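Everything on this sheet refers to the single structure shown next.
The values are calculated or read from the model by the stated rules, or taken from the named source; none is laboratory data. Quick caveat, the model's predicted, so the values are computed rather than measured. Cβ placement follows ideal geometry from the backbone for every residue including glycine, while neighbour counts extend to all protein chains displayed.
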Amino acid sequence: MEVLLFLLPFVLLGVAVLFLAFSGSPGAAREAYLTRGNRAFRVLIPLLYIALGIAVPALIIAARDEARGGTERLQTEELGSVGEEGKQLFRNACASCHDLDAVNARGVTGPDLDEIGEVTPGRIVNAIENGGTGQGRMPANLYEGEDARKVAEYVASVAGN
């Protein structure tokens, strides 16, 4: 559905370009629309633009809460200042590689943190310090000290939920 909504404006733009191309110019296209177009066409096009002008923004607004959390509980739960900072730090350096439903992260190279088993703050801090399992797939020390602890607490509190 999202793909169709993404493609729809481009398809409509393509139809408009074809209409202009076959009419000769924007002025000729307007004249053709107003004089030669049948009644259904003159009603359908404005209705289509009005409907899309309402539907597309409404769908975008309806989907805006996805960034808050991937599950209902995580969308309404207050994290506190450490949790919010950990969430932001995770988004900045970890979300591009790791999957984590709580922030709708869909990384491509790292493991899915919702499915790696028991997730404790100590395990996460160790992974941050050592670069994952130490096999060189993840850079070591992406965060240090307090920042590493905040990310670890956040991930441990939301992973698998």
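Things to note:
- Residue that is farther than 16 Å from residue 86 by Cβ, free of Cβ contacts under 8 Å to residues at least 12 places away in the same chain and not hydroxyl-bearing (Ser, Thr, Tyr), where the choices are 131, 145: 131
- Pairs linking a residue in region 33-50 that is under 16 Å from residue 15 (Cα atoms) to a residue that is charged (D, E, K, R) and at pLDDT below 75, with Cβ atoms under 9 Å and 6 or more positions apart or on different chains, are 33/42.
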